[in-house]
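Here the structure comes first, spelled out in structure tokens, and everything after it is commentary.
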Amino acid sequence: MAGVKRLLSFLLPALALFCLDGRAAPRAAECLIPSKPGGAMYLTCRLAQAALADSPGAPQLALRYLPGGVGAVAWHTLASRRRAEPDTLVAFSGGSILNLAQGKFGKASAADVRWVAAFGTDYGMIAVPANSPYGSLRDLVEALRRDPKRVVIGMSGTIGSQDWIKMALLVRQAGIDPRQMRFVALEGGGEQFVAMQAGHVQAVSGDTSEALLYAGAANVKVLAVLSERRLPGKLAGIPTAREQGYDVVWPVIRGVWMGPGVADADYLRWVAAFARMESSPGFARLREEAGLYPFSLTGDALRLHVERSIETYDRQARDFNLRRR
């Protein structure tokens, strides 16, 4: 329970943040959360805030929400009206990169913003309520095979989102047409678990960091993690999808970017601040408490990783006929 309490300590300030007056003057530096409260985007900014606070001389961060369009509102706001703010960061995930690859941010490309740092990696997972009749991933997939409309799946985003693609990859291996799936499109991981607890959906396609926030309360059962091998810590007892006969691995990097007009000096200042943060003695502990696993890149190395990831996601999008442009 100690690990769960530490994770909840990351989450509890979310409601207070959500209630901030949007007209209030911005603080010196802020991390924008492009989703509603309770999900992994919040955990990303919260990790940056906590880790920088532990790094002597590092800038301090305020956390603010800018949800909408599963990241599209934050992207277009910073890429257009707030493009040169020297101390504004935006949380991103592998899902953000996937949206770029599919053209869900319009004509935007990875070159339209400045990629600052990645703090860690998350993994996809599939969960159901604790009292669900499905005791394994195979049970759930078999139920979908019998009647794809019988199980309503909660996902962040709509068709083509990373949560949709994770399930699509799984069910396609079972001979099911992914477009027969019945799902509810939600804004972030927090909404997914709230919807499942309310009985609106019977399963969730989400990420392990989000599962850690909710599984500890004994009201969520994680059926599979989409990692190469079993994960350490609280989810060590959860089998991978591969172990259950489905060869699907879905890592999700998490980090921050800045507007395209930010001056080189300010951009490099933040890159250096996060590079120092990630090499500090206490960072590994904070990353673990945020439910993330080791993965660190900054500056140009991160930009190149994003560009390569877009190429991979683009091929995947074409395979599912998801490209918008």
- [ ] Considering each of F92, F105 in turn, give the residue that is open to solvent by less than 30 Å² (accessible area, probe 1.4 Å), over 17 Å from Q192 (Cβ atoms) and in a loop (DSSP other than H, G, I, E, B).
- [x] F105
Task: Subset of region 270-297 [outside any helix (DSSP H, G or I), among the polar types (S, T, N, Q) and either at positive phi or surrounded by fewer than 18 Cβ atoms within 10 Å (Cβ to Cβ) (or both)] - done: S280
Open item on the list: What's the total number of residues in region 129-151 that are open to solvent by 10 Å² or more (accessible area, probe 1.4 Å), touching a strand residue (DSSP E or B) at 6+ places or on another chain (Cβ under 7 Å) and either hydroxyl-bearing (S, T, Y) or more than 23 Å from G237 (Cα to Cα) (or both)?
Closed with: 5
Task: Cross-chain or 6+ apart pairs with Cβ under 8 Å, region 287-315 first and farther than 30 Å from Y214 by Cα, then open to solvent by 70 Å² or more (accessible area, probe 1.4 Å) and in a helix (DSSP H, G or I) - done: G299/L268
Open item on the list: Suppose we filter region 115-134 for residues that are touching a residue at least 12 places away in the same chain (Cβ under 8 Å) and over 19 Å from the mean Cα position of the chain (by Cα); how many remain?
Closed with: 4
Open item on the list: Is it the case, given these coordinates, that S156 is polar (S, T, N, Q), buried (at least 18 other Cβ atoms within 10 Å of the Cβ) and touching an Asp or Glu at 6+ places or on another chain (Cβ under 6 Å)?
Closed with: yes
TODO: State yes or no: is A14 within 27 Å of E288 (Cα to Cα), buried (at least 17 other Cβ atoms within 10 Å of the Cβ) and modelled with pLDDT under 90?
DONE: yes
TODO: Tell me which residues, restricted to region 255-269, are among the aromatic types (F, W, Y) and assigned to a strand (DSSP E or B).
DONE: W257
- [ ] Return yes or no: is R138 among the basic types (K, R) and without any contact (Cβ under 8 Å) to a residue 60 or more places away in the chain?
- [x] no
- [ ] Answer yes or no as to whether T240 is touching a residue at least 24 places away in the same chain (Cβ under 8 Å) and of a type outside the set (D, E, K, R).
- [x] no
- [ ] Could you pull out the residue among D163, D112, D122 that is buried (at least 24 other Cβ atoms within 10 Å of the Cβ) and touching a helix residue (DSSP H, G or I) at 6+ places or on another chain (Cβ under 6 Å)?
- [x] D122
- [ ] Filter region 251-269 down to residues that are open to solvent by less than 10 Å² (accessible area, probe 1.4 Å) and modelled with pLDDT of 95 or more and give me whichever is farthest from the chain's Cα centre (by Cα).
- [x] V262
TODO: Scan region 57-89 for residues that are open to solvent by less than 40 Å² (accessible area, probe 1.4 Å), under 25 Å from N321 (Cα atoms) and part of a helix (DSSP H, G or I) and report the count.
DONE: 3
Open item on the list: If I filter region 235-242 for residues that are among the basic types (K, R), surrounded by 15 or more Cβ atoms within 10 Å (Cβ to Cβ) and within 19 Å of the chain's Cα centre (by Cα), do I get at least one hit?
Closed with: no
Task: Checking V248 against (1) open to solvent by less than 30 Å² (accessible area, probe 1.4 Å); (2) at pLDDT 95 or above; (3) in contact with a strand residue (DSSP E or B) (Cβ under 6 Å, 6 or more places away or on another chain), the condition it does not meet - done: (3)
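The values are calculated or read from the model by the stated rules, or taken from the named source; none is laboratory data. This one's a predicted model, so the numbers in the text were calculated from it and none came from an experiment. Heads up, the Cβs are rebuilt from the backbone with ideal geometry, glycines too, and the neighbour counts pull from every protein chain shown. The protein model used for the area step is the full one, side chains on, heavy atoms only, and it has no ligands, DNA or RNA in it. Shrake-Rupley method; radii C 1.70, N 1.55, O 1.52, S 1.80 Å.
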